[in-house]
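The values are calculated or read from the model by the stated rules, or taken from the named source; none is laboratory data. What you see is a predicted model, and the numbers here were worked out from it, not measured in a lab. Positions of Cβ are backbone-derived with ideal geometry, glycine not excepted, and every protein chain shown enters the neighbour counts.
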């Protein structure tokens, strides 16, 4: 996997979302989707992908190749798959398909992908859960780069062309921090050959390129309550908490455990109180958005149960903020959190994203055993973290405004 | 038997060693535990995690069955309700118990099976005992049943808002007129209200006897130790109760779809479409033949509509499909269907062009070269399954419940020939077997078309 990162900004987020979609359409040697797909079939159904995603205040653009491991198919030259995969991923970024007459990327590909992206942006509310999460964070982080949607903004699309998108690509390769990951059963010689193939990208000084690390979300002035109306069968309640603790902070392992106590697992407070004891929701959990120092709480409820569910959520947040938890609860949470961290060792994708996240936050990259810090964290550190947690934004996507719900969001009619 | 379900000449069955392939048959060991529980250990060296999954062939499509000579009919959503209650104990949810052991447990219900599983790096023996104990000895206290009923109602409401679930459900309802595969897995709010503790208890008695269950443990495990542990636990919990006499009642289902078009009105910005082709596997068909039919049809779908097909490229460039497009064949007891589709800008045009493309594909036929390419891809993807402990363990188990071995896949793959694939193309992919389902915002407010 090869990744390039840029700081999220209104000026480039849409180009960052569009570019990988255009690049995956074809490379110089395999200039259209059909030839690319046929070639991948010949490589035993290997996969080549390109996408972009948001990591705190950064946008990461990635090209990924994956295939059966060397030797598993009884090939004479097992390394060939890996080397060909590297060549493809590099070519995808460095040498895209072009038409003889045009200076930029292929205009037809750019136009088609602009259309598709425009439709995806228009349809972000079709996935109610993802939309509710995005909207809560958008309300919470107004004015921060993180409030941008990872797909970008529809209004930028008309200005994007085959030519300026190619210029954007070249500038990324020239300036963006580049990280490449090679994961699998590989010997040192193969790794060296792969590293040599990567030097085409970036050129000199690539190791020194750095982005400013994502900025933690600042403490709220006041609690915000937002209601948004939509034709839904189930209302979605999302609550954002501000903590200010990112992976570089000494209390970060405590943050992982505190979130685990609140809603990271099925023995956690939210699952027990909201689902098991009251039967108010099918799902009720919380998630740590590490690089922003934010915790997101999510549950699907009936409109009429809004106040009840919110009070339950607030009570648990409040109790844990005041450090009210048992030793047994903490140990159960520690076991679970360590289990999750260890299980990531078997998953290449988790390893890569965990590493990217720590890297984006500006952490030392040599720590390959993040569970050790969880094993050492004391109850006092967890309580110390709890004191920093602030309730920031309460968001409800529902059919009708429940009594006592906050101001209706400025509704963009195109969204829901 | 209809054509296509006859074994081709010279075709055998059975387990085949994968040789140098990443998935090696010798890493799979089987034992029959007391009471008839079928247990497998997939020894996957070098993995940190361990994954255990246990399942019964009781799913949402099992609406009526015979138990010790009497016929039992259950409301929609019963298997799924039972799944929720298996994790409930006198001391509250057992999910928390797993969590405290540092392992993650969960469950799922399909049309044909209910499965329970955990994953973790520590406390393997304790978690295994807990899982087996829960599955074999469920309790149905009225207050727990009521509380879980409220939770499931929220789950059903969540699916109501999900366009992908809705379009798939609409397609199944159009393809089938009475086969219970058309039923919703979680049921409806109405059928949910009709499920009683007594019904749940009967189903548990019928389908959760060790002789119905299959278990797969995967990871860097010593097989004999796993079997010994299981044996001790099953004997302790289930001392020699006789296996119930179970019979499946095969539903009457006409060979052609109930309706050719189903529309769901949802306030979405991007419509979804699915095109389905209804197959007619005979009741009681040899599971290896169904497995082979599934493989042949999936290879065919790759040729017709895979990412390298001209048809897919044409649809994509017209903006009628995007990366969400997929095409798969599914089969189970007396049902089978090929389903293709995804998000689109114009559902009607997309469905029409898919059907027209398939019609032209049928006239043209497919080439040996095309088929070889798809087989090569399938072979690589089969080997890649070994990279996911959870994914492979689950897939292996689901095929065991159907009565086949996933490890037989490479051999079947070599055997499937052009004639066989062409036969599927000619007999299954015909207009009269087609239904189309659409989810779109219906601005006119009209009634659904039939």
Checklist entry - Which ones in segment A:51-73 are buried (at least 18 other Cβ atoms within 10 Å of the Cβ), away from every other protein chain (no Cβ under 11 Å) and either free of Cβ contacts under 8 Å to residues at least 12 places away in the same chain or part of a strand (DSSP E or B) (or both)? => result A:52, A:54, A:55, A:58, A:59, A:60, A:61, A:62, A:63, A:64, A:65
Next on the checklist: With the structure loaded, tell me whether residue A:373 is part of a helix (DSSP H, G or I) and in contact with a strand residue (DSSP E or B) (Cβ under 9 Å, 6 or more places away or on another chain) or whether it fails that test.
Outcome noted: no
Item to check | Qualifying residue in segment A:265-273 (condition: more than 10 Å from every other protein chain (Cβ to nearest Cβ) and under 21 Å from the mean Cα position of the chain (by Cα)) | outcome: no
Checklist entry - Among the numbered criteria (1) farther than 28 Å from residue B:144 by Cβ; (2) more than 14 Å from chain B (Cβ to nearest Cβ); (3) out of contact with any strand residue (DSSP E or B) (no Cβ under 8 Å at 6 or more places or on another chain), which single criterion is violated by residue A:346? => result (2)
Next on the checklist: I'd like to check something: does segment A:118-128 contain any residue that is in contact with a strand residue (DSSP E or B) (Cβ under 7 Å, 6 or more places away or on another chain) and in a helix (DSSP H, G or I)?
Outcome noted: yes
Next on the checklist: I'd like to check which strands (runs of 3 or more DSSP E) are fully inside segment B:218-295 and have at least 1 residues that are touching a helix residue (DSSP H, G or I) at 6+ places or on another chain (Cβ under 9 Å) and at pLDDT 95 or above.
Outcome noted: B:261-265, B:272-278
Item to check | Considering residues of segment B:69-88 that are more than 14 Å from every other protein chain (Cβ to nearest Cβ) and in a loop (DSSP other than H, G, I, E, B) only, the residue surrounded by the fewest Cβ atoms within 10 Å (Cβ to Cβ) | outcome: B:69
Checklist outcome for this item: Exactly one of B:284, B:332, B:336, B:306 is within 14 Å of another protein chain (Cβ to nearest Cβ) and within 23 Å of the chain's Cα centre (by Cα), and that one is B:306
Checklist entry - Do we find a residue being buried (at least 23 other Cβ atoms within 10 Å of the Cβ) and over 27 Å from residue B:118 (Cα atoms) anywhere in segment A:276-291? => result yes
Item to check | In segment B:296-310, the residues that are in contact with a helix residue (DSSP H, G or I) (Cβ under 8 Å, 6 or more places away or on another chain) and either closer than 13 Å to residue B:378 by Cα or not in a loop (DSSP other than H, G, I, E, B) (or both) | outcome: B:296, B:297, B:298, B:299, B:300, B:302, B:303, B:304, B:305, B:306, B:310
Item to check | Output for segment B:89-103, where each listed residue is within 16 Å of residue B:151 (Cα to Cα) and surrounded by fewer than 16 Cβ atoms within 10 Å (Cβ to Cβ) | outcome: B:92
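Residue A:357: under 30 Å from residue A:226 (Cβ atoms), buried (at least 17 other Cβ atoms within 10 Å of the Cβ) and within 21 Å of the chain's Cα centre (by Cα), yes or no?
Spelling it out, residue A:357 is indeed under 30 Å from residue A:226 (Cβ atoms), buried (at least 17 other Cβ atoms within 10 Å of the Cβ) and within 21 Å of the chain's Cα centre (by Cα).
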Checklist entry - Can we say residue B:115 is within 29 Å of residue A:127 (Cβ to Cβ) and touching a strand residue (DSSP E or B) at 6+ places or on another chain (Cβ under 6 Å)? => result yes
Checklist entry - Inside segment A:310-356, can you point out the residues that are under 15 Å from residue A:239 (Cβ atoms) and in contact with a helix residue (DSSP H, G or I) (Cβ under 6 Å, 6 or more places away or on another chain)? => result A:312, A:316, A:320, A:321
Checklist entry - Would a scan of segment A:405-413 turn up a residue that is more than 24 Å from the chain's Cα centre (by Cα) and modelled with pLDDT of 85 or more? => result no
Checklist entry - Do we have residue A:29 as more than 9 Å from chain B (Cβ to nearest Cβ), assigned to a strand (DSSP E or B) and within 20 Å of residue A:169 (Cβ to Cβ) here? => result no
Checklist entry - So which of A:105, A:48, A:93 ends up being buried (at least 21 other Cβ atoms within 10 Å of the Cβ) and either within 11 Å of chain B (Cβ to nearest Cβ) or over 30 Å from residue A:156 (Cβ atoms) (or both)? => result A:48
Checklist entry - What is the number of the single condition among (1) in contact with a strand residue (DSSP E or B) (Cβ under 9 Å, 6 or more places away or on another chain); (2) assigned to a loop (DSSP other than H, G, I, E, B) that residue B:319 does not meet? => result (1)
